[in-house]
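Peer 1: Take this structure first; my questions come after.
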Amino acid sequence: MNPMIDQPHQDQFSAPLAKNASPKMSARNVHVHYGMTHALNDVSLDIYEDEVTALIGPSGCGKSTFLRCFNRMNEMVENAATTGEVRIDDKNIYDSKTDVVALRASVGMVFQRPNPFPKSIYDNVAYGPRLHGTAETNSDLDEIVEASLERAGLWEEVKDRLSDLGTALSDGQQQRLCIARAIAVNPQIILMDEPCSALDPIATGKIEELIEELRSGFTIVIVTHSMQQAARVSQKTVFFNQGSLIEHGPTVEIFTKPKKERTKDYIMGRYG
Amino acid sequence: MPSLPKHSLKAYDAELTELRAMISQMGGMAQSLLDEAVGALLSRDAERAMAVIADDKAIDALEVEVERLAVQTIALRAPLADDLREIICALKISSILERIGDYAKNIAKRTTALSADDVFEDVTILSEMARMASGMIETMLDAFVARDAEKASEVRDRDIRIDTLYNTLFRDMLTYMMENPKAITPSTHLLFIAKNIERIGDHTTNAAEMVYYGATGNTLDTDRQKNDSTSFTTSDEIDT
């Protein structure tokens, strides 16, 4: 029994929307320092399966830092130090026994700028399965590539030109290619760090539709600067400010009736 | 109520202020239409009643303006939380105020229909009802402008007293009509007028409930106390 986990942290909003009682991911008293900078201050949160959790807040509020705690990406930053507990399926991922490569395969990540490899569309998606040896035969690999592109809503647009360079696609297509690449290794969790900020409204709409489709089957956490996007795609919203988690709850509650003054002022655009 | 900080966008603040001012103006107009209509009735002044009928058009026009500005603000500013609730609240209150204007107009029309020799029995209760309804409109508007939930819930409590007065008046009128058939026409008009005022009280209460929601995000409990029992009254119950 871990006293940290068993502490009654539950308020009415940390309860899941659906039947699944235990959280997919949980953070307890997480602090992140970058050198002398205290980027994340004592954050505790439960995140549930089959729903999209949006992290919002002004630049530098700690939302992206928090996102990167779930695949230990912060470790790639020099001088970064993480304390506290981050659990996925009740396993502490900061345990010394954790296989970071396997962790990052089960936690996919999509970035702000689409970043396909300078390889063919096919090879972009096949990259992960080849690396992890998921596919036994070439036809298995073909299947994975097709299924992943299909799931990312890109198959119809690229099926006749799989050998074209991934970087030759439009920005929106590139981002969906990156999503296909992320889901090709069959992750359980997808982290998205402002996945639409470089896209036009039509490409954004496609990604948002995709997020909704991927919701069942994956646990999705998205960092977004657009409050409207958080409102459109998420079931839970978490507001960060100056490194602290200020408020979290069902998205409808946060956008119609936030409890904390700071949340209210931020989402209404009342910065004085 | 802690006052909210300003928006980064000044034009957005200006729009919300304008919306609030339009509701205040509409409310002031609705209140004065009611006062004027009842004043015309009590003083048997058909000309004053005609003016009420004409003035109601201005409220209708303002309602259209409120709708236009509210839709524009929703479209351009994507309001959230308190701002969103306030705009929705303004939209609903404006249609309630328009309705109150219609009731006042109806009172004025009935006033013009009453001839000078129609005999009225005691109208103290009616004028007291009108005075209370007018006060409720005023308090509801003050509560809206100040986003004051406390004040809004107070309006609701006052509606019960109008309902009680209406019950008394209803019974009185039935009694008069049974005693004197000549009283039937004026008494019927008076009854409808009283009913209009009672409805104004109900609508103002709904508006106050919207104000409460706008200010807090919560709804006042829906099963509010009702005291109008006239729908269930039969002539057997009237002591003559």
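The values are calculated or read from the model by the stated rules, or taken from the named source; none is laboratory data. Worth saying up front: this structure is predicted, and the values here are computed from it rather than measured. When we count neighbours, we look across all protein chains shown, and the Cβ atoms used for this are built from the backbone with ideal geometry, even at glycine.
Peer 1: Picking from B:THR168, B:THR219, which residue would you name as being polar (S, T, N, Q), over 19 Å from the mean Cα position of the chain (by Cα), part of a loop (DSSP other than H, G, I, E, B) and surrounded by fewer than 20 Cβ atoms within 10 Å (Cβ to Cβ)?
Peer 2: None of the others qualify; the one that does is B:THR219.
Peer 1: Hey, can you tell me all the residues within segment A:92-120 that are in contact (Cβ under 8 Å) with a residue 24 or more places away in the chain and outside any loop (DSSP other than H, G, I, E, B)?
Peer 2: A:VAL100, A:LEU103, A:ARG104, A:ALA105, A:SER106, A:VAL107, A:GLY108, A:MET109, A:VAL110, A:SER120
Peer 1: Given the criteria surrounded by fewer than 20 Cβ atoms within 10 Å (Cβ to Cβ), of a type in the set (Phe, Trp, Tyr) and closer than 29 Å to A:HIS38 by Cβ, does A:TYR271 qualify?
Peer 2: Answer is yes for this residue.
Peer 1: Ok, one more. For a quick check of your reading: which strands (runs of 3 or more DSSP E) sit entirely within segment A:179-272 and have at least 1 residues that are closer than 30 Å to A:ARG28 by Cβ, within 14 Å of another protein chain (Cβ to nearest Cβ) and not β-branched (Val, Ile, Thr)?
Peer 2: Counting at least 1 such residues, we get A:236-241, A:244-250.
Peer 1: Something else about it: Answer with yes or no whether B:ILE88 is at pLDDT 95 or above, within 27 Å of B:ALA58 (Cβ to Cβ) and β-branched (Val, Ile, Thr).
Peer 2: So B:ILE88 passes the test.
Peer 1: Looking at segment A:184-201, which of its residues are among the aliphatic types (A, V, I, L, M) and over 12 Å from the mean Cα position of the chain (by Cα)?
Peer 2: Residues satisfying the conditions are A:ALA184, A:VAL185, A:ALA198, A:LEU199.
Peer 1: Moving on. Can you say whether B:GLU36 is within 14 Å of chain A (Cβ to nearest Cβ), in contact (Cβ under 8 Å) with a residue 60 or more places away in the chain and not in a loop (DSSP other than H, G, I, E, B), as far as the supplied structure shows?
Peer 2: Considered against the rule, which asks whether it is within 14 Å of chain A (Cβ to nearest Cβ), in contact (Cβ under 8 Å) with a residue 60 or more places away in the chain and not in a loop (DSSP other than H, G, I, E, B), B:GLU36 comes out as no.
Listed here are the residues, each with its yes/no results for (1) of a type in the set (Gly, Ala, Ser); (2) more than 18 Å from the chain's Cα centre (by Cα); (3) at pLDDT 95 or above.
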site: B:SER127; (1), (2), (3): yes, no, no
site: B:PHE144; (1), (2), (3): no, no, yes
site: B:ARG161; (1), (2), (3): no, no, no
site: B:ILE184; (1), (2), (3): no, yes, no
site: B:GLU198; (1), (2), (3): no, no, yes
site: B:ASP202; (1), (2), (3): no, no, yes
site: B:ASN206; (1), (2), (3): no, no, yes
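Peer 1: On to the next question. Applying the selection to segment B:65-79, what residues are away from chain A (no Cβ under 14 Å) and exposed (fewer than 14 other Cβ atoms within 10 Å of the Cβ)?
Peer 2: Once the filter is applied, which keeps residues that are away from chain A (no Cβ under 14 Å) and exposed (fewer than 14 other Cβ atoms within 10 Å of the Cβ), segment B:65-79 yields B:ARG68, B:VAL71, B:GLN72.
Peer 1: Restricted to segment B:5-15, and to residues that are part of a helix (DSSP H, G or I) and at the interface with chain A (Cβ under 10 Å from one of its Cβ atoms), which residue is surrounded by the fewest Cβ atoms within 10 Å (Cβ to Cβ)?
Peer 2: For segment B:5-15, the residue satisfying everything is B:ASP13.
Peer 1: Now, a different point. Considering each of A:ASN29, A:ASN41 in turn, give the residue that is modelled with pLDDT of 95 or more and either surrounded by fewer than 16 Cβ atoms within 10 Å (Cβ to Cβ) or touching a Pro at 6+ places or on another chain (Cβ under 8 Å) (or both).
Peer 2: Unique residue meeting the criteria: A:ASN29.
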